[in-house]
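Report on the structure given below.
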Amino acid sequence: KCRTGPLDIVFVIDSSRSVRPFEFETMRRFMMDIIGSLDVGPNATRVGVIQYSSQVQNIFSLKTFFTQADMEKAINSIVPLAQGTMTGLAIQYAMNVAFTTQEGARPLHKKIPRIAIIVTDGRPQDRVTEVATQARNAGIEIYAVGIQRADMNSLRAMASPPLEEHVFLVESFELIQQFGKQFQDKLCGVDTCMEQEHGCQHSCVSTPGSFYCECNPGYRLNVDGRTCSPVDACADGRHGCQHQCISARGSYSCRCRAGYYLNQDKRSCTMIDYCSFGNHSCQHECVSIPNGHYCRCRSGFTLQPDSRSCRATDLCNGVDHGCEFKCVSTEGSYRCVCPEGQQLQADGKACSKCGAGHVDLVMVIDGSKSVRPQNFELVKQFVNRIVDLLEVSPHGTRVGLVQYSSRVRTEFPLNKYHSADEIKKAVMEVEYMEKGTMTGLALKHMVEHSFSELEGARPLSHSVPRIGLVFTDGRSQDDISEWARRAKESGIIMFAVGVGKAVEEELRAIASEPVEQHFSYSADFTTMTHLVENFKLNICPEEGKGETEIRSPCECEALVQFQTNTVAILQSLTEKNILWAHLLAQMTARLEDLEKQIANKK
């Protein structure tokens, strides 16, 4: 077989009326003998056949068949046209149709030879010189094979140079098969890949007098024309994977992050519902999160240390009552109240917003391993409760969020979102980092990046307060003193919020003066409601003022008012508990002494 490399070969067969039936049979055999000597296939030699007389008929194109058996079957089915001899028309068809990439020809840049084998027995009835020149200029190598009555001048006009290698005249149809064996040697030539050191990493493809290198599927040829590199199918960004794209030898697959599974579309991911496994042991409710689950109690109950069972408790001593300012427990229920000077909103929970001024607020939350996933969800709720206090807008209050553990990550800068709803949605999508507690590193990041104008902080000349709130549940693994000091020196008002094992000394070092107004602490994550209230009273100064008139306790009218108020309070206490009776008597005696002092002054 011819092993010199792939070719694109099209047979152009004369089936005019001058070719008698038995003579046409020898032409069929000629084509099949040639094809039998070739290594045919989609990546090897491709073959097409057209016949012509007064018109051109495509028998099969270069992309139709890739086995010798299919080609021989199609050749044996040819019915001669038996009309005129329009050889020029056939060459035009080969150039404009048969050798196009749409019909299966390989692109010219691949340097695969395009060969037309014209077999005719007579003189053309149309012009061939001009169209043959165009075909040769288009990169088609033409072999002209004349049989018996063929015109030698026409053959020479059609063929490629050198003519002695491309023009053949066979005396009769009986000799064409013998000629076919000689023609095979002309067509095959030397296998250049075998004759010299080609250096191709994957495979070498021979062409007449030369060769080129090809890569295996999933690889691309490097600029040196020899070596191959894997194709990164993920690099173009069109893979559609929701989480991760994994490239593998020219293809790719999608993978989900831990705690999610891949859907049937092989691209999108759904969080694993760990609660559906039925082994959570939660007394009330099970809540699935990435990589696990946590138990949650119904309203009016507190989760116990075993993290599974629940116990009834003061309905206000939790995070579910929703009161913006303060929750007041009643028997079996609760109600929300607001500071003096503010009214409870229609939802029975919210109070008027903090609108006295606008601030740039950056919250820095602890995402260390000690927080635990279920508590981190409570931290995110805590953040959103603070956002609910604020009038968020591009020209109003701006909010940024930073999470830290062993490293620091900006979840969103001050200029990312412009409404409370956008911020709250982004907060709930924050993923828990785990690992260490580098609070000092987080403070450095906040000072150097979070309050920069590049990330949305307004210039200091605008006099917009810069407020930093640091939330942590344990001792820092690095020094915090230097960057806590720098933060306050740069004009940032620092609030420190501690939960659980947070170290009071570190909280005080972070907090601005007066320290008592700028740091807060809660024993555990489920009782953080009062921390939101403390923060609101400090960040919104007008919230703590109300409408209460401030009087000197030494003035007469103030003493009378104090007496009235105290008596009312004591009477209320008496109705609730008889044990207060003794206290009431003592307080009444004290009031009588005060009345005498007032009388003496008058």
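The values are calculated or read from the model by the stated rules, or taken from the named source; none is laboratory data. Just so you know, these numbers come straight off a predicted model, no measurement behind them. Methodologically, a virtual Cβ is constructed for each residue, glycine included, from the backbone with ideal geometry; neighbour enumeration extends over all protein chains shown. Heads up: the accessible areas ignore ligands, DNA and RNA and are worked out on the full protein's heavy atoms, side chains in. Shrake-Rupley method; radii C 1.70, N 1.55, O 1.52, S 1.80 Å.
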* To do: State, to one decimal in nm, how far the label point of Glu171 lies from the label point of Gln125, with both points 7 Å from Cα in the Cβ direction.
  => 3.0 nm
* To do: With r as the distance between the Cβ atoms of Arg220 and Met428 and R0 = 30 Å, compute the FRET efficiency 1/(1 + (r/R0)^6) and round to 0.05.
  => 0.10
* Additional length obtainable on full extension of the chain from Arg485 to Arg249, 0.36 nm per residue less Cα span -> 79.6 nm
* Return the distance in nm (one decimal) between the two label points of a simple spin-label model at Arg29 and Thr101, each offset 7 Å from Cα along Cα→Cβ. => 4.1 nm
* **Relative contact order (percent, whole number), the range 205-339, Cα cutoff 8 Å, 6+ residue spacing** => 10 percent
* Asked: How would you rank 393-404, 447-458, highest first, on the average number of other Cβ atoms within 10 Å across their residues?
  -> 393-404, 447-458
* Kindly report the accessible area of the range 1-156 per residue (heavy atoms of protein chains, probe 1.4 Å, no ligands, DNA or RNA), in Å². => 42 Å²
* Going down the list Lys63/Lys111; Lys425/Lys501; Lys266/Lys435; Lys416/Lys488; Lys380/Lys424; Lys349/Lys501, which pairs span over 20 Å between their C-alpha atoms? -> Lys425/Lys501; Lys266/Lys435; Lys416/Lys488; Lys349/Lys501
* **Accessible area expressed per residue, the range 220-324, with surrounding protein chains retained (probe 1.4 Å, Å²)** => 61 Å²
* Asked: For the range 220-287, what are the per-bin percents of Cα-Cα distances with bins 10 Å wide, up to the bin holding the maximum?
  -> 19, 30, 22, 15, 8, 4, 1
* **Mean separation of Cα contacts under 8 Å (6+ apart) over length of the range 1-62, as relative contact order %** => 47 percent
* Roughly what would the spin-label model give for Phe277 and Thr227, points 7 Å off Cα along C-beta, in nm? -> 4.7 nm
* Taking R0 as 41 Å, what's the FRET efficiency between Asp39 and Thr270 from their Cβ-Cβ distance, rounded to 0.05? -> 0.25
* Given the range 67-158, what whole percent of its Cα pairs are spread farther than 20 Å? -> 43 percent
* Could you give the length gained on full extension between Gln345 and His109, defined as 0.36 nm per residue of separation minus the Cα-Cα distance, in nm? -> 77.5 nm
* Take every DSSP beta bridge with both residues inside the range 400-505 and express the antiparallel ones as a percent of the total, to the nearest 5. => 35 percent
* Structure fact -> Share of accessible surface on carbon and sulfur in the range 473-513, whole %, 1.4 Å probe and ligands ignored, is 45 percent
* Counting only C-alpha contacts under 8 Å and six or more residues apart, can you give the relative contact order of the range 356-501 as a whole percent? => 30 percent
* aspartates and glutamates with Cα under 13 Å of Lys369, excluding same-chain neighbours fewer than 8 positions away -> Glu431, Glu434, Asp473
